[in-house]
Structure formats: C-alpha cells, structure tokens
Amino acid sequence: MREFQTPMMQQYLEIKRQYPDCLLFFRLGDFYELFLEDAELGARVLGITLTARPRGKDGHVPMAGVPFHAADSYLAKLVAAGYKVAICEQMSEPNKKGIVEREVVRVVTPGTVMSDASLHARKNNYVCAVSIGKKWVGCALADISTGSFYTSEFPVATWKKELDTIILTYEPREVILAKDDYAQYEVISFFTDYQDCNLTVFHEWEQYTTDARSYLKEHFKVATLSGFGIEKKIQAQVAAAALLGYVTTTQKTTVVHLQAPGQLAAGHAVVLDRSTISNLELFKTIREGGAKGSLLDTLDTTKSALGARMVRRWIVEPLVTKKAIGRRLQAVEELAQNQQLREKTQKTISQIHDVERSISRFSVGLGIPPELIRLKHSLAHMLEVKTNLETCAAAHIQESCEGLSEQLSELVTYLDTHLLEDPRVDVKKGGVIARGISKELDELYALKKGDTDWILEFEKTEREKTGITSLKVKSNKVFGYYIEVSKSYVHLVPGEYDRKQTLVNGERFITPELKKYEERIVTAEEKIETLEVALFAEVVEKVLTYLVVMQTAAVSIAELDCLLAFAQNAVEKRYCKPVVGLSDEIKITAGRHPVVETIQERGQFVPNDTFLNASDHQLLLITGPNMAGKSVYMRQVALIVLLAHIGSFVPAREAQISVVDRIFVRSGASDFITSGMSTFMVEMVEAATILRHATSKSLIIMDEIGRGTSTYDGISIAWAIAEYLVSSTDSKPKTLFATHYHELQQLEKVFKKSIKNVHVAIDDTTDPPTFLHTVLEGGASHSFGVAVAKMAGVPPEVTKRAEVLLVELEAQAAQTVSVVPSDLDTKVSGVSEVVRILKTTDLDSCTPLEALQLLEELKKKV
Amino acid sequence: MIRIKELSADLKAQIAAGQVIENPASVVKELVENALDAGATAIDIILEKGGTHRITVADNGCGMYSEELSLAVQPQSTSKIATVEDLAQLLSFGFRGEALASMATVAAVTLASRVAEEKIGSQLTVTQGKLGAVTQVGMSPGTSVTVTKLFEATPARKKFLKSEATEQKKILSVVVPLILVHPEVAFSLIHNTKTVIDVPAQTPEERIAAVLRLHSGVLFPFEYSDQHYTVAGFLGAPQLANKGSHRQFLFINGRPTHRSDLAKVVKDAYGTLLEPRSFPVFILYLTLPQEMVDVNVNPKKDTVTFYNETAVRTLVQQAVVEVLEREDLHYTSHGQGFEALLRTKTMEPVTASVLRSDIDPWTVKDFSLDDSAEILQVHNLYLIAQTSHGIVIIDQHAAHERILYQQFLEAFEAKKSQLVTKVRPQVTVTLSTEEFAALSEKQAILQEMGFLLQFLGDAIKVKAVPTLFSGRNFTELFSEFAADLLSDREISELDSTTHRTLAFLACRTAIKAGEPLAQDERRRLLEKLFSTKTQFTCPHGRPVYIDLEMHDLHKLFKRIL
C-alpha cells in the first residue's frame, strides 16, 4: 500500500486498515471524503466528480466527496449497490494544535442500515447469520430497523432447502458467515444464487461465538435461553450470538432495542416452501417478478408501514390452530360489520409514523429532535386507536388494545412538556427543549433575550445620539456585532467608534460596549447549546425507558391495522367468512381467485365450487383443454385455503376449510435459480419433497406433473404419483391433480373411494370452442390443443396436419390403453393386499409350514 | 300522393320503444330495476363512453333458464305480474314487460343468465330486433345484460344523445336514488374502467355516507307515522342546503319519485334556517298502503300519484318541523375555511357562503362562557369570547337581531289575541268563492289569533285585527291566508308577512354593525343569545356565530396534524 507523509493521510490509512472491506466516509469539515480506490469506486457508483487534489508531500491523491447533510441519500445508493460504508467522524474540535481526532462511529451495511432513505417502509430489512455445524445448521434473522429477531436450526442434510425457503420468505439483504464457512465453495455457490442477498464475512465471529450462550444470556439479561427455545440448539445460539455481535460492531453500541429472539415459524405455521411461495405468487409474480399482481399486493390495504410489514409476516406464517384462526376471523368479522368505526380507526392509523424504526434509531443514537415530535403524535394516535376499538367484543382486538399501554400517555405528556413543538433538526444549534424544564436554560434564554434587547436599544440610542439615520447594528460570523454606517454619514461618526471594515457604500465600526454585550450573547449561546444537547440526551434516555412499551404498542397497531385491512377487503371485495376446522373437508361454494378476479371486470370471473375430503374426494383429477383455467382453479383453491389460515375472509360465497399443515404447489413453470438442473429434474425434486413430506392434513396442488419428459415417461410417472398419493396408508393428503394425460382418468374407477374426475368445461359446438371456465364432474375427452393452436395463429397447414395425426394417434391409444383398467385393477388391488398381509404377518412367530402356506396364498393373490 | 299506411311491425316496435328507452340512463334504470326485482344482493354496472358505447348490468339474482331467454326479449313478456290484480299490488319495479324488448329493437343486447341450480349459463344476443342463437357461457349465477350499439339503427335518435359527461350524469341521477334506497344490495358503477361507486351491503346511514358523502353528524334521522302512513328518513343540517335540488331524494314505497310539492313542504318547514333560494338536503322514505299508490302513470314510472295527498303533506310537514325542533343546532366550524381566509389575508366579513362549505357538523353543545375572561370586540362588528372548549366569534348585529326576533315572536305569540286593534273604519274584503270557503272554515282559528271578522256571503267585514296586522292591505293578507289554506298548508300563525314584519323590526332595532359595545353590554348580549331558543342563524338565514374548538385552532396552527 502507498505510504503517506501528511498526518491526515496517515490517520486515514490507519483507520482504513481497520475497515478493509468498507468504503470509508472520512469527515472533513462539511464533507465526507473518499480517498484512493474508494474515491474511484464511489465516484463511479454515486456519479460524483473524482478530483485529485495535491496533498503536499503526498502528491496527487484521488478524492471524491459528498456534503454531510446529503450523506443519507448517497449512503442509500452505496448500500443498495451492496457496499458497506464506515462512517468516520471528527471527534474533537478543530484547533491549531495537531490533527483532529477521528473515529469510525458506525458501519452501514445493506443489512444494518437505519435511515429511511435506504429502507423500504412496507418491508422488513433483514440481516441473517448462518452457522454451519457438523450436524446442524443455525440461522438467526434480525431487522435492526424494527428490532425483530428470530432464530432457527435445522439438520445439515436439508440446510439448503430450509435456508432457501427462509431467504425467499424473509428476503434478507445481507448474510453474515464465519470465515471458514465463507471459504467453502459449496456455501458460496449456494448464496450467489440470490442476487439481492449480500454475503459478508464477519471477522470477529469467533470473539462473539466461543461462548455464545453466555453472551446471549448477558445481552438479554436472562438466566436461561429456554425461553427463546434455543437452550439446546447450539448452532442457533452461535448464529444468534454472531448476529448480535455483528450488529453491535457495526452500530458501535449495544443494541438494546433488539427484541428477545423468537423462533422462526416451525411447527406453529402452515409450511409454505419455495415452490408454493413462488407458484402462488404470494409476493411477486412469476412472469414480471414485480409485486404488482401478487397476493400481497391484492391483500395489503393496511394504512401504516407497521401494518404492511405485519401483513407480509401473516402471509408467510399462516396459523395452524383452529383457535388462533378463529380469533382473527372473529375480529375481522366485527370490524367488517362496523364501517364507521373501521374507517375512522383506519384514518387514525394512517397518521401513525413508523414508530418501530424511529425508536430503533434512537436506540443506536441516530434520532433527530423532530422525529420525537412525530413519535409523540404517533403515540397519541395509538391511544386514539385504543379508545376507538376498546369497546369491541372480539378477543383479538381486546388483546391488541391491551398492548397499547396507558403508559404511552405519560410519555406523550412528557414529550409535550419537554420539547418544543417545532424543534430544530440539529440539537447542537439549540431550539429543541421547551421552557420550564431547566431553570438554567430558561435563565440563559432570558439573558440572551435581554442582551439582544440591549443591542436593539443601543442601536436606537446611537442613532439618536449621532443623528445618523442609516445607522444599523448587524452581526455576522466573522466580526460578530458591528455598527454599519452608510458612506454619506461617515463624517458624523463619533471618535470612540473603532473602524473595522470599509465597504463600497459604507463602513463598519465597533465599540467596546457593543463587544462586551456580544461576548455575553455568544457565551449564553454556547451555554445554551451545550445545555440543550445534554437535556436532549436526557429526553432520549427517558424515551428509551419506554422501549418495550412502545415496541409492544407498535406490534398491537400493526395487528389492528392488518385486521382492519382484512375487514376492509372482506367488505369491498365481497369475501365471506370461512368456517375453519369444523371438519376434515374443504368445501368451497362459488370460490374465486383473489388476484385474477381483480384483473378482470367486476363480476366477470367465473366462480367454481370445490369439494375435497379425506375419503371419496381425496384427489380431484382435473382434465380439460389448455387455457381453460385449470391452473387458475387449483391456485384459487390453494389461495382460499391459505387466506383462511391467515385469518382473512375468502373470495367465495361460502367456505368450509379443514386445518392444513402444509400447502404444496407443484407447477410446470418454475423459476428455480439453481443452475444445472433441467426442468424435469426440478419437477422431480419438487415431487419428491411432496411425496416425502405430505401428511393427511396437507393440501397438494400438482399441475401437470411429468410433462417435462416423453409422453410415456410422463404418463407413467404421473400415474404412479397419483396412485401413491391415494394409496399410501399413513397419509391421505387432499390433492388437486391437473393433467393432460386423459389416460389417468381411469384411476377414478380403480380408486373409487379416493379419486374423482373433474374437468373444465368447454362448449365445442361453437367455432372456435368457447371456454366456459366452469369445473364439472367427470373427465374431459379432448385437450383441444389443436383448437388452441388455431386461435394462437399457427398456420393452417400445421393445424390441419395435426388434426389428422391426432385422430390416428387417438385410435391407436384407445387400443393399447383399453386393457389397462381391468388389468391394473386386479394388479393393483392384489399387490396392495399382498403388502397388507406381509406387513401384518409376524415372521418370528411363524412356523416354516405356516410360511409356506402364506407364500402359496400370496401367490394366488397376484 | 301520399297514402296512409299501417306501420311495419318493426317500426311500431321502435316507436313504442321510444317511450321507455330514450337515452343510456333509461337503459341503466330498467336494467338495474330488473336486477333488483330478480332479488340480487350485488349489482355491477359497467359503462363505456357515458353508456353510449356499452352498458353492462350484472347481478347475482335468481337468473333465467335458457329457454326463458328468447322470451325475455319479447314485448309484453314479464315474470313480474300475471293478473290484472297484481297491478294494484305492485311490489316490483318493472311490470310492463317492455324494457328488454324495447332495448332489443334499438340496440344490440346480450343477455347472459344462469340459475343457481345449473352449472353453466346461457347467452343470447339480439341485434336490432334480430335474435341470435342461444349458446352456453361460464358465469356465476345471476343475469348479465350488455347493451351496445345503442340507437345505431336509428341515427336520428342517436343524434339526440348528449356528451359523454352529460349522459354519465343522467345515468348517475337515475342510479343514485336506486342505490340509496337499497342499502342491503352491494353496488358498483364503473365508467371507462374508472370506479365511480363501489359500495358493499350497508346500513342506510352507511350507504348515505358512502354515496352522498354525508356523514351522520350532519344528518338527522327520523321516523314518523300515523295510522296509515310512515314518513322516515334523514334531514340534512341547514348548512348543507345548496342552490340545486339534486340532494333531495324521495321514495314512495321504495320507488324513487319526484314530487315538487313535497319538496316545498320540507323547505317551508326549515323556515329561516335556510338562506333564501336554497334547497335543504333530505332523504325521505314514504310508506303508504300499496293500493293508495298509482305508479302506472307513464312507461318511465318515475311519477307516482297517490290518494289523499293533503294528509301525506301534513304528515311530512309535521315530521320535518319536529325533527328540526328536536335538533337544537348551532354552527361549529372546522378550520379549513378559515385557513383559506387567512391565506388570502383579506379581512372581509365571513360570509355564509364561504362558511357553508366548511361548516359541519351542527352539534348541540353547552356553551359556558368564561366568566372572568374579557369579551373582545373587533372592528365594532364581531365579538370574540373564550368558551370552555375554544372560542366563539359572534356577529353582534346578527346575534342581537336573532334575540330580538325571538322576543318579538314570543311576545307576539303570547299577546297576539290581547293586542287587537279595531279597524276604523271597518273594511270589507271581497274574495273568490274558493278563498272565502277556505277562510270561513277556519273562522275559529282566525278568531283565536285576534281577528274579529264577519262573514257575509262572499265578502268579509274586518272589524278588528291583531295589532301587528293593523294598517295592512287586508285583501292581500286574507288572500295569502286563503292561499295557504287552499294549498293545504296549515295556516301558519306566522304568515310570511308577519315573519317579514318581525324580522324587519328585529333588524331595525338591533345593534348595528359598527356600534361599539361596552364590556357588560357584550356579555349581556352573549348570555341572552345563548339562552335564545334558536340561536344559530339570524332571521335572514345568515350565521350568527362560529364556534372554533381548541382542536380546530390547533389544526389551524399545525399544532396537530
């Protein structure tokens, strides 16, 4: 590295050496300067001018700077681009002797950024720590801008899959790793697939994790970690400790506002994996990749950032107990029935600022005075919400209201009496603290006012005394207070005036008396400023004693905002209240797709009924032409079930929903980013997951499984999967199974007790055929692929030839497949009988003769 | 030579259609009424280019079987009445069986319908009277009618269509009353893909709030009934009154109706609460025995006649008067209007019209003036006082005027029969037979009021009158009385002349604008004012005072946001 002679550049290098992976924002007066390589990079990313100022003996040093007051927006740009920035401030006042002391006060990284300029108000900004052990992998997730903190641990065999779901669900902006993990190719290649997720090596990892347990206990002031559910989860502890350490290192302060870690949804939420999240387009659409057209986009009518972030969480963490779901539904129902109360409360909530982020900023010493005023108003509005909703009967609303503690009003009063209503942004300039708080401060202000009044009086008397009508007392930074006399009166200036400056049209003077008062005013101002800074710090400290109260209140508001939004949706979108968990059936009358119906003209969406149960309607085999709406229908069912589980009303006339543990959605179109997997491979990997994890409480959507390979391969696989789903003894997941292989319709005959054929109707008496978008019982006879090809504008030569081929092929197929059902019927039932017998036979208590007899019996059955 | 010919069947149908279908609004009205008659709980109206391009009305009502579709577009076919007796007991909107048929002759009508028992619906398109084939269609239960190419085959009629905006306005004016009177039905109206109205099933109050943007604070609900009739609904606070009658809604047995006579009854009942020439807001639901009502006056069915109109009018009048008396009102204002005034920095007197836009709601509140606080007089015109909850600004002239008016009125009421002046010489007034009859019927009341009259065949000899009326042109006075009686209004003891007289007296006697008042005079004025019965407008309808709560002040000064 280059050697430098000047003390400042030496200081720069020394600090830079401590933060090698950061851009260093080096405070020089009113600017943050970047030097050397940082300057080149910064200039490129930020589009600012790269200068190269000669620095004495050091020659040309590349340099680029941004004004400190606009630093936030530049920081946002750098962080958005994935860079980390160390903020280095001047720690001592500049004076003649020696160089100003400088110190890094915090490090801003994509996952730990706190300023609103960098944050998406309606989305959490997570940083994630991953600790890979021999048997287990730990994961910790925190949003330091709001204080939320979670942990999780999973077996090493499935860590990629689990983490994949976590990353997809929570979208962390930054993942921190230990040096050793970072060095592994496998790990790096896994993470590089996520473009918005920045990888960071945490060099002090060891320091915080060698005794992770003690560190966590100490930080959260608890005797045991069992309350966090990680007492026995070593890797989760390590990840949590590392994350806490990382946040502490970047913020350069203890992060008191991070809440005690909760557990990431495991066991207490309906499991949604990657393919479910992306295929149901919960947060972004597959085609555009944007939020518009996603379920969240349709559902999120919350009025505050707090609520918006909560609604996201509710979607990814659907409830699994009838009771919890019922609680939310009850609240939504009550709010849906009371329009005036709802609208009034929503209006109030819309005035609540992002309290979580404000208090987080104050916790790490970043808040500014006006933010406390906004906080005060927000807290007052929170109490107003409480007053509005307190009388509601629903338990959920009641409990959320209880989260809005009366202590908030103490704080409101405190802030009201302690701060001026319109405080200055920079507390160092004073004008923040209200009168009546500090006697000393009030006296100083009175003194200053008296002295300022004296100066006004002085101006008046001097004017009269000298007869100079243009005489004015002014002040500026360089000279302080002075008397200004215009040129034409200069001859009248008395002798005791001391000339200081001559201007084009006047001259400036001072008098000893004036200087004396100037001195007094300046001293008072200085004292005021110091005192205001100290008093403001006291106010902030006092506010932070309400940290937990405010965080709890913020959560309550977020919940109420969500419930209100759901109520609003229920009314405006004509949803109905689902009956959840009454039986083991899914029974939907006139269900609609919540998103597709909003794109269509009102009332144009064709609703459909659905009936699934654990016995004779366990698997619906859906056939029908392309474009007829099979996929929309299946997703609509999945979404209605999902909505019911997050406590929302559902787009249907009536709905009865059984409680599910997982929703699987397997679909043809996949955006799995891991390279090197063919479409078919992805399909099979997903199918494998479903078959392995589905239980009788699961809901499975299988959209055209087996189409990524040759026809016979495809049919065979699809057939076998469908068979497995209904014949596996210990799990009978409710399944919607769409296929173009009409041969599969014969399964209905084989599994009369489980499978029902349904099809999406088409009116083929018209040309082109009319799609009726209506699901009817029975199988479809044609896929109308050729008709669709015609509609799409495929040349007639091709479609005509296709029609001919189709007739031929169908004739052949009819012959081959016609034997299948009877044959398969006996075969399958025989085999399963054999299996049953074998399973129930205890060979240890079997004589050789009995064994032989059994063998013979079995042979007869096959 | 031109010979008289019988018109072709087509032409007959087109002419007949003209009676019902004159513009997009009438199409929408017929279709929405059909939807309501079909028992829909949600009705969606979709319009393009003011309905001239396309009108779709979709409902979730009972729907039709496919074989009924072609019948539905035939004239004089309906499911709504079957016998002549049904006509007298009409409960449905439609009954003539003409609307769809008429539309089908002048436009392209696509009718799609599904009954709940069927899985799939059927669809039929009729273009200028020509029936297409019935096809299948996927849809939710209910009926959806789409009308396009309106008047395309009759260019002369098409020419009469107005601009898109005008047609939309006409559509709204027929649809809004229907939406108001059916709060139990969800409605949406989308014009050129823009959502104009979207309301779920609601309570009547919620519906009014959503559609007319009038919240409950400025509406006074009431229900008033006698043996046969019920008058229920909402009266708008006086400050809502405006120059047009577009926020006046009358429903007779659930059917939107216009009746200028009833509108006038309501307006008169507001009396001095209104500025002259303004129309109060009201939503009235009149329930009469079905057999008393005749809606079959013309094909558009927007005029309703009923028997015993006098009794109904009296009932309405009593209802309104009672509600207004029940609501003891005064102005409170919300900051915005003042903000506007402060911005322009003019110190013009606050006029009623400026205030009206911002004043709401009229709430009843106890004023307690701060005893010790000084009452400020500014520009010798306005008084400003601190109240328990804010400040109040009073127009001293208007305030005094109101007090005096009330005093005159009370004095008049108390002493009207004692203060009688003999008429010397006696005057004989000649009246029309009708007028005479009306007055002689009410002799007793007139006597009670202090009139000493002698009825002579077709003339009245006036011997004595209440002092207030002395020296008046008696012919005119009695004509007015008679007119009141004939138009079926209760003879108001306060005829307009008396009102004008009292108002004039009050005005001339009251403290003028520009008159300085001593502190105790100010206080007395305010105390008197607040103990006056109706204190919120001067007899000419201007506001007397404006009440600013601390909340409003805080808002003005951005202390709270």
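The values are calculated or read from the model by the stated rules, or taken from the named source; none is laboratory data. Please read these numbers as outputs of a predicted model, since none were measured by experiment. Because the Cβ atoms are built from the backbone with ideal geometry, glycine has one as well, and the counts that use them run over all protein chains shown.
What about A:ARG313, is it more than 14 Å from chain B (Cβ to nearest Cβ), of a type in the set (Lys, Arg) and part of a helix (DSSP H, G or I)? Yes, satisfied.
Checking the condition at pLDDT 85 or above, surrounded by 15 or more Cβ atoms within 10 Å (Cβ to Cβ) and in contact with a Leu (Cβ under 8 Å, 6 or more places away or on another chain), which residue from A:TYR517, A:TYR482 passes? None of the other options fit; the residue is A:TYR482. Working only within segment B:185-242, note down all residues that are in contact (Cβ under 8 Å) with a residue 24 or more places away in the chain, β-branched (Val, Ile, Thr) and facing chain A (nearest Cβ under 10 Å). B:ILE190 - this is the single residue of segment B:185-242 that is in contact (Cβ under 8 Å) with a residue 24 or more places away in the chain, β-branched (Val, Ile, Thr) and facing chain A (nearest Cβ under 10 Å).
Take the residues in segment B:538-561 that are part of a loop (DSSP other than H, G, I, E, B) and within 13 Å of chain A (Cβ to nearest Cβ); name whichever of them is modelled with the highest pLDDT.
Among them, the one singled out is B:PHE557.
Checking the stated criteria, A:GLY82 turns out not to satisfy the condition of being surrounded by fewer than 16 Cβ atoms within 10 Å (Cβ to Cβ) and at positive phi.
Quick check on segment A:326-353: of everything there that is assigned to a helix (DSSP H, G or I), polar (S, T, N, Q) and within 11 Å of chain B (Cβ to nearest Cβ), which residue is farthest from B:GLN202 (Cα to Cα)? Taking the candidates together, the pick is A:GLN340. Here A:LEU24 does not fit the description of being touching a Lys or Arg at 6+ places or on another chain (Cβ under 9 Å) and without any contact (Cβ under 8 Å) to a residue 60 or more places away in the chain. Of the numbered criteria (1) part of a strand (DSSP E or B); (2) surrounded by fewer than 16 Cβ atoms within 10 Å (Cβ to Cβ), the one B:LYS264 fails is (1). The requirement of being under 13 Å from the mean Cα position of the chain (by Cα) and in the same structural domain as B:LEU47 (by TED's automatic domain parsing) is fulfilled somewhere in segment B:178-194, by at least one residue.
For every residue, the table says whether it meets (1) assigned to a loop (DSSP other than H, G, I, E, B); (2) out of contact with any helix residue (DSSP H, G or I) (no Cβ under 6 Å at 6 or more places or on another chain).
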position	(1), (2)
A:ALA39	no, yes
A:LYS57	no, yes
A:GLY65	no, yes
A:SER73	no, yes
A:SER92	yes, yes
A:VAL100	yes, yes
A:VAL105	no, yes
A:THR112	yes, no
A:VAL137	no, no
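Checked against the criteria, B:PRO155 counts as away from every other protein chain (no Cβ under 14 Å) and without any contact (Cβ under 8 Å) to a residue 40 or more places away in the chain.
Listed here are the residues, each with its yes/no results for (1) touching a His at 6+ places or on another chain (Cβ under 9 Å); (2) away from chain B (no Cβ under 13 Å); (3) at pLDDT below 90.
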residue: A:GLN568; (1), (2), (3): no, no, no
residue: A:LEU582; (1), (2), (3): no, yes, yes
residue: A:ARG592; (1), (2), (3): no, no, no
residue: A:THR598; (1), (2), (3): no, no, no
residue: A:GLU601; (1), (2), (3): no, no, yes
residue: A:PHE611; (1), (2), (3): yes, yes, no
residue: A:SER615; (1), (2), (3): no, yes, yes
residue: A:ALA628; (1), (2), (3): yes, no, yes
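Restricted to segment A:464-507, the set of strands (runs of 3 or more DSSP E) holding at least 1 residues that are of a type outside the set (Ser, Thr, Tyr) and under 18 Å from A:TRP454 (Cα atoms) comprises A:472-476, A:480-486.
Consider segment A:639-658 and keep the residues that are in contact with a Ser or Thr (Cβ under 8 Å, 6 or more places away or on another chain) and surrounded by fewer than 24 Cβ atoms within 10 Å (Cβ to Cβ). The one that is nearest to A:ALA789 (Cα to Cα) is A:ARG653. Only one of the numbered conditions (1) under 13 Å from A:LEU619 (Cα atoms); (2) β-branched (Val, Ile, Thr); (3) more than 14 Å from every other protein chain (Cβ to nearest Cβ) is not met by A:VAL788, and that is (1).
Are any residues in segment A:243-287 under 19 Å from the mean Cα position of the chain (by Cα) and free of Cβ contacts under 8 Å to residues at least 24 places away in the same chain, and if so, which ones? Matches in segment A:243-287: A:LYS284, A:THR285. When the strands (runs of 3 or more DSSP E) confined to segment A:688-795 are screened for residues that are in contact with a Pro (Cβ under 8 Å, 6 or more places away or on another chain), those reaching at least 1 such residues are found at A:699-703, A:755-763, A:770-777. Against the condition surrounded by fewer than 18 Cβ atoms within 10 Å (Cβ to Cβ), closer than 30 Å to A:ALA652 by Cα and within 13 Å of chain A (Cβ to nearest Cβ), how does B:THR146 come out, does it pass? For B:THR146, the condition - surrounded by fewer than 18 Cβ atoms within 10 Å (Cβ to Cβ), closer than 30 Å to A:ALA652 by Cα and within 13 Å of chain A (Cβ to nearest Cβ) - is not met.
Selection over segment B:139-155 of residues that are out of contact with any Pro (no Cβ under 6 Å at 6 or more places or on another chain), in a loop (DSSP other than H, G, I, E, B) and within 19 Å of A:GLN600 (Cα to Cα) gives a count of 2. Give all pairs with beta carbons closer than 6 Å in which a residue from segment B:109-136 that is assigned by TED's automatic domain parsing to the domain that holds B:ALA35 meets a residue that is assigned to a loop (DSSP other than H, G, I, E, B) and of a type in the set (Val, Ile, Thr); count only pairs at least 6 apart in sequence or on separate chains. Final answer for the pair search is B:SER122/B:VAL134; B:LEU124/B:VAL134; B:VAL126/B:VAL73; B:GLN136/B:ILE120. Scanning segment A:755-766 for residues that are of a type in the set (S, T, N, Q) and more than 8 Å from chain B (Cβ to nearest Cβ) yields a single hit, A:ASN757.
Need the failing condition index for A:PRO769 against (1) within 14 Å of chain B (Cβ to nearest Cβ); (2) in contact with a Gly (Cβ under 9 Å, 6 or more places away or on another chain), just the number. For A:PRO769, the exception is condition (2).
Among the residues of segment A:354-382, what is the count of those that are within 14 Å of chain B (Cβ to nearest Cβ) and touching a helix residue (DSSP H, G or I) at 6+ places or on another chain (Cβ under 6 Å)? Within segment A:354-382, residues that are within 14 Å of chain B (Cβ to nearest Cβ) and touching a helix residue (DSSP H, G or I) at 6+ places or on another chain (Cβ under 6 Å) number 6. Here B:ALA133 clears all of (1) surrounded by 20 or more Cβ atoms within 10 Å (Cβ to Cβ); (2) aliphatic (A, V, I, L, M); (3) more than 23 Å from the chain's Cα centre (by Cα) except the condition numbered (1). When you scan segment A:407-420, do you find a residue that is touching a residue at least 60 places away in the same chain (Cβ under 8 Å), under 17 Å from A:GLU525 (Cα atoms) and aromatic (Phe, Trp, Tyr), even just one? Checked against the condition, which is being touching a residue at least 60 places away in the same chain (Cβ under 8 Å), under 17 Å from A:GLU525 (Cα atoms) and aromatic (Phe, Trp, Tyr), segment A:407-420 yields no hits at all. Looking only at segment A:755-767, how many residues end up being under 21 Å from A:SER716 (Cβ atoms) and crowded, with 22+ Cβ neighbours inside 10 Å? Within segment A:755-767, residues that are under 21 Å from A:SER716 (Cβ atoms) and crowded, with 22+ Cβ neighbours inside 10 Å number 1.
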